[in-house]
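Down below is the structure, laid out as structure tokens.
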Amino acid sequence: MKAFRLVELESERAANEGAYLQFLRERNMSVGLYALDAGDRDPQAPHQQDEVYFVVSGRASITVDMETTQVARGSVVYVPAGVAHKFHHISEDLRVLVVFSPPES
């Protein structure tokens, strides 16, 4: 078993001074913590993997292809591989668990 605590993952991510921390990588998936602070710009480009976002905290909008929705704690969003997507209008610091399948390259 592998178990993680979000507070420890957030501390590790912040110490590495990056917006993304991959903390689990297995044969069929990888999982990371993505952080964007209020007002930040999301620099993402489409990924080669399917992904699922689970919003741990914060508020923002996300646009996937041409569809936009509001997200907040507890929101889950699926993004197919190769599809353009961005978080925007980040009004509260956003912390998101990201699951890639297959694992992110």
Region 17-105 - convex hull of alpha carbons, volume per residue in Å³: 86
Prolate/oblate/rounded label for region 1-63 (Cα gyration tensor, a/c 1.5): oblate
Expected 222 nm ellipticity per residue - DSSP helices of 4 or more, -39500 (n - 2.57), all of the chain, to 500: -3000 deg cm²/dmol
Ser91/Met1 FRET efficiency (R0 30 Å; Cβ-Cβ; nearest 0.05): 0.25
Paramagnetic label zone (point 7 Å from Cα along Cα-to-C-beta, Ala81; backbone N under 11 Å) in region 20-60: 47-51
Integer Hz, Karplus 6.51/-1.76/1.60 couplings in order for region 66-77, x for Gly and Pro: 10, 10, 10, 9, 7, 10, 7, 3, x, 6, 10, 10
Normalised convex hull volume, region 33-72, alpha-carbon set, Å³ per residue: 94
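None of the figures in this text is laboratory data; all of them are computed from the coordinates on show. Predicted, not measured: the structure shown is a model, and the values here were computed from it. Backbone-built Cβ (ideal geometry, glycine too); neighbour counts: all protein chains shown.
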